[in-house]
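Heads up, the thing below is written out as structure tokens.
Derivation of every value follows stated rules applied to the coordinates shown; laboratory data play no part. Note that the structure is a prediction, hence the values are computed from the model and not measured. A quick note on method: Cβ atoms are made from the backbone with ideal geometry, for glycine too, and the neighbour counts reach across all protein chains shown.
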Amino acid sequence: MSGKTHLSETYKNILVSEIENPKGLKVGLIQLNRPEALNALNNELMTEVVSVLEAFDRDTLTGCTVLTGNAKAFAAGADIKEMAEATSIEMLIRDQFAKWDRIRKLKKPVIAAVSGFALGGGCELAMTCDMIVAAEGAKFGQPEINLGVTPGAGGTQRLTKAIGKAKAMEMILTGKMYSAEEMFSAGLVNKIADNEVYLDEAIELAKEISSKPSIAVQLAKESILKSFDSTIESGLEFERKNFYLLFSTEDKSEGMKAFVEKRKAEWKGK
Ligand code: CAA
């Protein structure tokens, strides 16, 4: 697929748009749109999100995607009402979080722009993205313990890797909410912005990344993610092979030539 996303389709739970980027490739924008339920992540919403993320990922004219909610909530978690009556076996058969793994497999970066509540599955969805830009009033938490369960969409793993065992234990075992400032200090959040401009800031970051040579961006992301499930030795080997692989791209030739010739490189994404 090139240059076309699912934009012609209408979605029930999300708004989708594309943002032109004079500096480079376009930015995809997905806005969770169930304000009446604080963007609770029901199955249908997540099916839509994953399918549009994959469409942007395949689109050669898109460099990066921003995933956001609204001022009051990025997302207040998985939809409790949808799960309230379910048995273990029903949850196992439904296996609704399996589709979240497809987000991890995306090649291009995804930035979460978080305002308001990012709780439970909402916090987990933000962590499944590659970077988080937060509004100063954002609140992060894993309150599943208060429902008699634990995080189930990656929280125990990603939060621990992001902020360390002690803080992850505290967050998950108390179920409390934490400010954007605390999560920035803990290392979960890349950047805090004023409530009015957090989305603009996330889009700016996405535009900057979309102006870089896209194959190098994708392989850099792949190598970074590899560090989560490899030893230092196999991770270094993986990184090195991706580095060597980039020497076959036209962008590598152009980038190094432009440096030597003291001019700005013109990327082709090839
Ligand atoms: N699922 C379903 N509906 C939700 C929801 C959720 N996670 N969070 C909020 N809503 C609904 C509320 O039921 C309410 O709907 P009604 O108007 O029909 O009653 C509406 O959104 C507005 O919510 P509140 O009236 O509760 O708003 P508030 O401002 O008073 O409180 C809040 C906000 C503190 C975030 C509160 O809504 C809340 O605690 N939500 C649940 C948070 C939570 O426990 N999340 C974890 C879910 S489990 C999970 O995510 C598992 C996993 O690991 C994937």
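At a glance:
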item	result
Reachable lysines, given that their alpha-carbon falls under 23 Å from the alpha-carbon of Lys26 and they are not under 8 places away in the same chain	Lys4, Lys105, Lys107, Lys108, Lys191, Lys207, Lys212, Lys221, Lys252, Lys264, Lys268, Lys270
GNM flexibility winner over the chain from Ala71, Ala258, Ala40 (Cα, springs under 10 Å)	Ala258
Built amide H within the under 5 Å cut-off of Ala73, gap 5+	Phe117
Dipole magnitude (debye, nearest 20) for the chain, charges at Cβ of Lys, Arg, Asp, Glu	820 debye
Residue among Ser211, Ser223, Ser253 with the largest mean-square fluctuation in a Gaussian network model of the chain, springs linking Cα atoms under 10 Å	Ser253
Charge dipole (the chain, unit charges on Cβ, about Cα centre) - positive-most of Ala55, Asn13, Ile232	Ile232
Shape of segment 214-260, Cα gyration tensor, a/c cut at 1.5	prolate
Antiparallel bridge percentage (DSSP; both residues within the chain; nearest 5)	30 percent
Gaussian network model of the chain, Cα within-10 Å springs - most flexible of Leu106, Leu159, Leu245	Leu245
Three-way shape call for segment 4-210 based on the alpha-carbon gyration tensor, with the a/c threshold at 1.5	oblate
Cα-projected label distance for Tyr244 with Ser230, points at 7 Å along beta-carbon direction, nm	1.3 nm
Gyration tensor verdict on segment 153-270 (Cα atoms; rounded if a/c is under 1.5, prolate if a/b is larger than b/c, oblate otherwise)	oblate
